Amino acid sequence: MKINDLDPLMPYQPQESRYESMKFRRCGKSGLDLPMLSLGLWHNFGHSDDFRNARTILRTAFDLGITHFDLANNYGPPYGAAEENFGRIFEKDFKPLRDELLISSKAGWDMWPGPYGNFGSKKYLVASLDQSLRRMGLDYVDIFYHHRPDPATPLEETMAALDLIVRQGKALYVGISQYNAEDTARASKILKKLGTPCLIHQPRYSMMDRWVEDGLLDVLETEGIGAIAFSPLEQGVLTNKYLKGFPEDSRAVKDGRYLQTDKITPALLSTVEQLNELARKRGQSLAQMAIAWLLKDPRITSVLVGVSKAAQLNDNVNSLQALDFSEEELTKIEQLLRT
Ligand SMILES: NC(=O)c1ccc[n+]([C@@H]2O[C@H](COP(=O)([O-])OP(=O)(O)OC[C@H]3O[C@@H](n4cnc5c(N)ncnc54)[C@H](OP(=O)(O)O)[C@@H]3O)[C@@H](O)[C@H]2O)c1
């Protein structure tokens, strides 16, 4: 993002109506409420992205009552860029609103060279969060996650790092991401003993990726941990976006690192088409139905979407207007997903 693009907008005055339409859910057995829709900055906030667009997305989100912005040390490209750009926008637009915001970051993937810039050691997690705070210009994050399990580091050490970070005042709450059910139960027990309970788990979960239903959600309920589902729209596949070809400005065409056009097959699109038709009958867009479908389970505290345009957020937030499904609709969805 170019420095001369930094101030293209008028000073930010948040909408006074921002809390009127958003719904909040309590995160597990904690005292913290999360908006049922959260915004992730994995894509569209890197140095090659449009700063004005990024700033408009964040303003729109907050105006819609989305109080939770999710980052990680390695979001970009390059790594660190999303936190830097978020920091610039925070400084310009959100600084006086800090106490109305939940800001998350994570460490766990490769971040810098050498043995201390990856995985789950105390050395890596503590140093990485210090770097994240500097990039974002924050004193603390609200939630700090271990981004992925590290089988080569004792879980006790990684959880002790999360506990230390809270005691240092650098994060208020801690979470884990991508941990399976068994490791989640172990991590939760260690954290409880340390006096820093696990607030939240961030798993990949969508209509098309159901692994969390095989034990993880039960563990989260038992342990009193909230859940925030990432890639709920399968990176855009669970929308009407690819039904008429591959738009030039879509993630699959523009980026291709994590979503490739050859994975969006005619068979997959046929399922998407039928889901789209079902959503239409419900009076929803497919994106809205996919989000509502996740939120029908009260164990899902929040759904974590990404957007490349502010208009997509307006679409997504309207999912909260129709969260109920009939038995017939649920059965039909299962049938379509099995084909
Ligand atoms: N913990 C982890 O390991 C992990 C991993 C991945 C992601 N995450 C988090 O989860 C967040 C969301 O992940 P994601 O970006 O993959 O989520 P997603 O919501 O499944 O996909 C986002 C993409 O879907 C498209 N989209 C969104 N709303 C739309 C709408 N209403 N109509 C049409 N298209 C729409 C946009 O694609 P186009 O760009 O094509 O317009 C957007 O970039 C990330 O930002 C990150 O914070 C966490």
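FYI, it's all coordinate maths here, none of it is from the lab. Here the structure is a predicted model, which is why all the values come from computation and not from measurement. Quick reminder, even Gly has a Cβ in these numbers, built from the backbone with ideal geometry, and neighbours come from all protein chains shown.
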Over the Cα atoms of the range 180-339 the radius of gyration and the largest Cα-Cα distance (Dmax), both in Å, equal 16.9, 53
Over 25 Å between C-alpha atoms is what I'm after, so list which of LYS123/LYS192; LYS29/LYS170; LYS95/LYS123 land there.
LYS95/LYS123
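Kindly rank 55-63, 122-130, 11-19, 251-259 from highest to lowest mean number of other beta carbons found within 10 Å of each residue. List each step's numbers first, then the result.
Numbers: 55-63: 21.7, 122-130: 19.8, 11-19: 11.9, 251-259: 15.4.
Most protected by this proxy first, the peptides run 55-63, 122-130, 251-259, 11-19.
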Net charge near SER104: determine it from the other residues with C-beta under 10 Å of the C-beta of SER104, scoring Lys and Arg +1 and Asp and Glu -1.
-1
Relative contact order in percent for the chain (Cα pairs under 8 Å, 6+ apart) equals 17
